[in-house]
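A.B. asks: Structure in C-alpha cells, see below.
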Amino acid sequence: MIELPPAIAAYFGADKGDPDAVAACFTDEALVIDEKKEHRGKDAIRAWKAESTSAYTYTTEPFDIAVADGKTIVTSHLVGNFPGSPIDLRYFFRLEGDKIAELEIKI
C-alpha cells in the first residue's frame, strides 16, 4: 500500500459509497473532471459521486503516486460492474491546504 496525502487518502476512503464524505474532501469551489464532464462545487461533486455509486459497484486500489506540475498523480486499479472493468485510472489532484481543489480522472 502506498502512502497518500491526508486529503487524497480521505477521498479514496470516502469513495466507497458516501457522496457526502466525498464532497467534504473538496474546497467549496472545487472542480472535478470525469469522463470529460465538469462538476464544480460541493453540490455538483456530491451529485456526481451519488450518480456513479448508484450506477456501478466497484473497488479502487491506489498503487502508484507521483508529483508533477503542482499536481499529485495517483494511479489506481478499479474493478467493478462498469464497462471496461478492470481498468487503471490516473487521478490528477491539486490540493489547497487540507482539501482537494481540483481532480481530473483519466485513463
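The values are calculated or read from the model by the stated rules, or taken from the named source; none is laboratory data. Keep in mind that this is a model prediction, so the values were computed, not measured. Note: ideal-geometry Cβ built from the backbone for every residue, glycine included; neighbour counts use all protein chains shown.
A.B. asks: Go through the range 7-44 and report how many residues are part of a helix (DSSP H, G or I), within 18 Å of Arg90 (Cα to Cα) and in contact (Cβ under 8 Å) with a residue 12 or more places away in the chain.
C.D. replies: 6
A.B. asks: Please give the strands (runs of 3 or more DSSP E) falling wholly within the range 65-107 in which 3 or more residues are out of contact with any Phe, Trp or Tyr (no Cβ under 7 Å at 6 or more places or on another chain), in contact (Cβ under 8 Å) with a residue 12 or more places away in the chain and over 17 Å from Lys37 (Cβ atoms).
C.D. replies: 87-96
A.B. asks: Let me ask another. Look through the range 45-64, keep the residues that are part of a strand (DSSP E or B) and aromatic (Phe, Trp, Tyr), and return whichever of them is farthest from Tyr91 (Cα to Cα). Before the answer, list the steps.
C.D. replies: So the first thing to find is which residues in the range 45-64 are part of a strand (DSSP E or B), and the list is 58-64.
This time we only want the ones that are aromatic (Phe, Trp, Tyr), so: 58, 63.
Details: Tyr58: 16, Phe63: 11 Å.
In this case the residue turns out to be Tyr58.
A.B. asks: Still on this structure: Within the range 35-45, work out how many residues are at pLDDT 95 or above, surrounded by fewer than 18 Cβ atoms within 10 Å (Cβ to Cβ) and in contact with a strand residue (DSSP E or B) (Cβ under 9 Å, 6 or more places away or on another chain). Steps first, answer last, please.
C.D. replies: Applying the first criterion (at pLDDT 95 or above) to the range 35-45 yields 37-45.
Remaining after also requiring surrounded by fewer than 18 Cβ atoms within 10 Å (Cβ to Cβ): 37-38, 40-41, 43-44.
Now narrow it down to the ones that are in contact with a strand residue (DSSP E or B) (Cβ under 9 Å, 6 or more places away or on another chain): 38, 40-41, 44.
Final tally of qualifying residues: 4.
A.B. asks: Scan (1) surrounded by fewer than 17 Cβ atoms within 10 Å (Cβ to Cβ); (2) touching a helix residue (DSSP H, G or I) at 6+ places or on another chain (Cβ under 6 Å); (3) within 24 Å of Pro83 (Cβ to Cβ); (4) not polar (S, T, N, Q) for the single condition Ala21 breaks and write down its number.
C.D. replies: Going through (1) surrounded by fewer than 17 Cβ atoms within 10 Å (Cβ to Cβ); (2) touching a helix residue (DSSP H, G or I) at 6+ places or on another chain (Cβ under 6 Å); (3) within 24 Å of Pro83 (Cβ to Cβ); (4) not polar (S, T, N, Q) one by one, Ala21 breaks only (3).
The rows are residues; the columns are (1) within 23 Å of Glu51 (Cα to Cα); (2) exposed (fewer than 14 other Cβ atoms within 10 Å of the Cβ); (3) of a type in the set (Val, Ile, Thr).
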position: Gly70; (1), (2), (3): no, yes, no
position: Val74; (1), (2), (3): yes, no, yes
position: Leu78; (1), (2), (3): yes, no, no
position: Asp98; (1), (2), (3): no, yes, no
position: Glu102; (1), (2), (3): yes, no, no
position: Ile107; (1), (2), (3): yes, yes, yes
